[in-house]
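No lab work stands behind these numbers, since they all come straight from the coordinates. For clarity, every value in this text was computed on a predicted model and none was experimentally measured. With ideal geometry, Cβ positions are generated from the backbone for all residues, glycine too; neighbour counts draw on all protein chains shown.
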Amino acid sequence: MTAVILNVGATGVAPPLTEHEILVLLVQLVLLIGTARILGGLFKRMGQPAVVGELLAGVLLGPTLFGRIAPDAYAWVFGDDIVQAVVFGLAWIGVILLLVVIGYETDLAIIARFRKAAGWVSAGGFLIPMAVMGGLALLVPESFVGDGTSRQLFAGFFALALSVSALPVVGRILHDLGLLRRNFGQITLAAGMAMDAVGWLLLAALTGIALDGFRADLLARSFGGLVVFLAFAITAGRWLLDRVMRYVLDRGSSVTAALTVAVLAAFIGGIVTQVLQLEAILGAFLVGILLASTRHQLPAVRRTLEVMTAALFAPIFFAFSGLRVDLGLLGSAPALTWTIALVAAAIAAKMLGTVFGARVAGVRGREALALGAGLSALGAMGIVVALVALNVGVVSVTGYTVLVVAAIATSMAAPLFLRSVVRGWEVPAEEAARLEREAVRSTSEILGTRRILLPTRGGKNTRYAAQVLAGAFDDPDATVLAIDTPAGRSILGRRRAGSRADPSDVDLGLGSIRHRVVQMKSRDPAAAIAREASLGYDLLLVGASADDRGSAGLFSTTVDRILSLVDIPTVVMRLPSGYTASAHPHRVLLPVVASRSSRAAEEMAYAVIQQNGGTAVAVHILNRPSDQGILFDEVTESAAFDTAEAVTANAVAFGERLGVAVEGSVRVATNAEAEIVDLANGGEFDLLVVGASNRPLTDRPFLGHRVHYILEHTEIPVAIVALPSRAGTPSPREGDRVDANGEPRANETQATPDTSSMHSRSGFKRAE
């Protein structure tokens, strides 16, 4: 990398920047960020990834254009080595944060599923290009080679720069094109990660040879250190990161504190891999994966990282990478011819090797071509290798320019290839269904749930809640919170015996679901549960029996206080007295209305039956008073039916998108609550799911008169999906959904609070 010698004083530290240097630094940052963002946005509107425009911004600001048009101004802005060193540091912060963001989006479950394909793709996509480009490197003009460097060492650096896919660029391209969640997108990332690991090892070995001659011990140390670091990261490192994040959030710290932990963790990961001579970005990528899997996190942290990286740091890195490129060095016919030939050969070799590896792994047709197109981008990795080769004198400035041009050209070509390959590509049914479910879950309050808190004091209600949880969510991360009550004295001075919660039944009910048991002591269980729920959980699941209600409350005093204190969606599972519930509900009754809480109840009901192939009955009760009178005539009733059937159709359509069997029904009754109770108690259903908004009323929660009545009279298990009442909380944005190709789809008609938008009566039961 760039070597800058600073004059240090007696203290051994570099002097602070002068006023002039600060001015130059600010001007340089304005130019780099502003130009990169403008060109990035322009290229994105042209169908290219923003990274292409950001790379070209640096080329235009370098000696190619700015340096020729205004050489004095160029020297003033970019001629200070100290300022350049500062910007170089900011650029590396950019690529580190970019890799953290990409790590957040990497699905290890999908990568594990396609590990065979990823292994063969990475092998073919790396070894074949290395052989081809290494052979060509032996034939290039001498002007590409650094002074006093052997051809063999030059060929090693040159082949590596033109063979290893750039994980930041590949990830950014897939993200910008909306293809990251596709099967081949995840395989591409997995293969790119493997290539990166091997590439950094080779780069470390080649750099060591260039500086000190061949050192097998250094290569072995890097490889062994990487293995140890990976083992530590996925075990103790993950646990430590989770504990630190919990500590920060448990003390009421803000998003700022949690963001600080995330960024510091990324830097520490980068430090470790940098010490191992494997480059910091590999450690940052791994930390991003770990952050996504921690139990305690805030969504705002991820969003802040994404915004901060896209708006500021990533443009600095990519623009800075192009500053040392001088296209004027390619003005001669031989240099230009060789540049074109090398770029074409690099793309062809990468495509050939990747497709070969994919076919060996059983991947055929367009998917194999898409893998080759995605991995053909060299980008940042090629630039880093080129920088190292330039700094150790292995390549000349001309050779460096060729490598950077190749990185830019392949980064521009990759999205074009990808678009041509995926255009008109019919996505396989299984993958399309997965993408559809993910699109729905991404905008859902319940379906996107992963981190679930299940407090317990033992008993059948929490055991039933655990059984429902185990069969409702894909790969949940559950925490069983068992709260012991210490002995003490009441307000009247009477001695109060302590109690110990028994989580064994809940532990058994969860079965093979990944979970942990947390045992704590508290004189105020409700406050302890609420405090735990605030530490980054998505959902609170509470068991409450019909026998432990307070005299004036809906549930027990503890459950009532929990509902009053928590600020996340809460599901309260209640079993009637003496009721023996089946482990997995198969037929669920779902009253629906056009509201946010009703949609949340739909999500919960569909999650429950999706795993076991059950059926949900979405029913809308249309009230018709017995003394309806002249104001409730036939026309009014017909219009009411139109609205009711629209609401029910909406619920059915939502279930169909999730692949769930849903029956729609519209019923007319003089009392909606009594009709729901009669349906529930008729022997046809084994679970009733009701949505409610949690509205504080004095010192107790108020879920509505309908919910109170249903709970008083229902003889089957009931799940109350209570959403916290937060002013200004937006409902899920339907317009954010994407199609099977990852592209934004047109807004679908969905029920939003107090509205309905579908008008079809076909296929619904009309009963009175």
With a Förster distance of 45 angstrom and the Cβ-Cβ distance between V360 and M520, calculated FRET efficiency to the nearest 0.05 equals 0.30
Under a plain spin-label model, where a point goes 7 Å from the Cα along Cα-to-Cβ, how far apart in nm are I513 and R587? 2.5 nm
Label points 7 Å out from Cα along the Cβ direction at A661 and D678: separation in nm? 2.6 nm
Can you order the peptides 150-162, 84-96 by their average number of other Cβ atoms within 10 Å per residue, highest first? 150-162, 84-96
Could you calculate the FRET efficiency of R243 with A300 from 1/(1 + (r/R0)^6), where r is the beta carbon distance between them and R0 is 22 Å, rounded to 0.05? 0.60
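Subtract the Cα-Cα distance of V397 and D567 from 0.36 nm times their separation in residues, and report this length gain in nm to one decimal.
Once the chain is fully extended between V397 and D567, it gains 55.3 nm.
If you count, for each residue, the other Cβ atoms within 10 Å and average over each peptide, how do 297-305, 178-186, 20-28, 598-606 line up from highest to lowest?
Values: 297-305: 17.8, 178-186: 22.6, 20-28: 15.9, 598-606: 27.7.
Final packing ranking: 598-606, 178-186, 297-305, 20-28.
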Just the number: Rg to Rh for the stretch 292-401, Cα atoms, Kirkwood Rh, two decimals. 1.10
Once fully extended, how much extra length lies between I271 and K116, figured as 0.36 nm per residue of separation less the alpha-carbon to alpha-carbon distance? 52.7 nm
Counting only other residues whose beta carbon sits under 14 Å from that of I529, what net charge do I get with K and R as +1, D and E as -1? -1
Please sort by residue number the trypsin sites (Lys or Arg not before Pro) in the stretch 332-399 whose DSSP state is loop and whose Cβ has at most 15 other Cβ atoms within 10 Å. R364
Within the set of other residues whose C-beta is less than 10 Å from the C-beta of R587, count the net charge using Lys and Arg as +1 and Asp and Glu as -1. -3
Could you order the peptides 656-663, 318-325, 446-453, 394-401 from most to least packed, using the average number of other C-beta atoms within 10 Å per residue? 318-325, 394-401, 446-453, 656-663
1/(1 + (r/R0)^6) with r = Cβ-Cβ of A75 and L352, R0 = 35 Å, i.e. FRET efficiency to nearest 0.05, evaluates to 0.20
